[in-house]
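Quick note: the coordinates plus some simple rules give every number you see, no bench work behind them. Quantities reported herein were computed from a predicted structural model and do not represent experimental measurements. Note: ideal-geometry Cβ built from the backbone for every residue, glycine included; neighbour counts use all protein chains shown.
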Amino acid sequence: MNRRAGYGRRWLMLVVVAAFAFSGCDRQPEVMPSVTHETTWLDLWPQGRALPAFSLTDHHGQPFGPEQLQGHWTLMFVGYTYCPDICPTSLATLAGAWPALKSRWPELQLVFLSADPKRDSPSRLAQYIPYFNPEFIGISGDLSQIHRLADPLTLVFSEPDTSMPGYLIDHSASLAIIGPDAVGRGAIRPARANAAQLMIVEGERLEQLLAPLLDGENSKAR
């Protein structure tokens, strides 16, 4: 069976909403896409983006800091478990694509960064994350520590009034890519012209978007 046939008829949706589709989100760098496919593009950061020290907790109750990024390629996006649509759909999409991605890049890991520390305790994340894939990692912690990790990666989120029942959090749907040296290398983003729309990327296309970066770095290492 060829590689394309292996995906069958299943279209794996990478659902994205503009990383900056809400007020106060004008920090997105004006960088031209390196790899494009319809409404989604790979934004490469040739100089890399060093991450500061941060201290969070994963869904097993274990510390999660820069050391947990070392030695892995990491895909990371920000969200929260009470998200009504974007987060569950994105996690389902990535879960569907995961076997093919892990087959090609065994060192790859997926990290879900919760921007809702009030509600997303480790126990809550432990109920939510493995439902999609037991290999996925959910992390959260103090809001200041979340920002230390999210901000350099342009993973943006709002800070709502958490005293309001059922509060929602606006957040980016960019998929940040972190190298095995714990340095940000790029992000998969929606095109600006389609920022407010949901978009679909076939699983094979997601693999193709990642390939120039991950395969290129791996060949250098060899």
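Table for the structure above
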read-out: Normalised contact order of the range 65-192, rounded percent, pairs of Cα under 8 Å and 6 or more residues apart; value: 35 percent
read-out: Inter-site label distance for LYS102 and SER158 at 7 Å from Cα along Cβ, in nm; value: 3.5 nm
read-out: Placed amide H near TRP73: partners under 5 Å, 5+ positions off or other chain; value: LEU108, GLN109
read-out: Under the Karplus curve 6.51 cos²θ - 1.76 cosθ + 1.60, θ = phi - 60°, whole-Hz ³J(HN,Hα) for the range 168-180, x wherever Gly or Pro sits; value: 10, 10, 6, 8, 6, 10, 5, 10, 6, 10, 10, x, x
read-out: Packing-based order for 58-64, 101-107, using average beta carbon neighbours within 10 Å, highest first; value: 58-64, 101-107
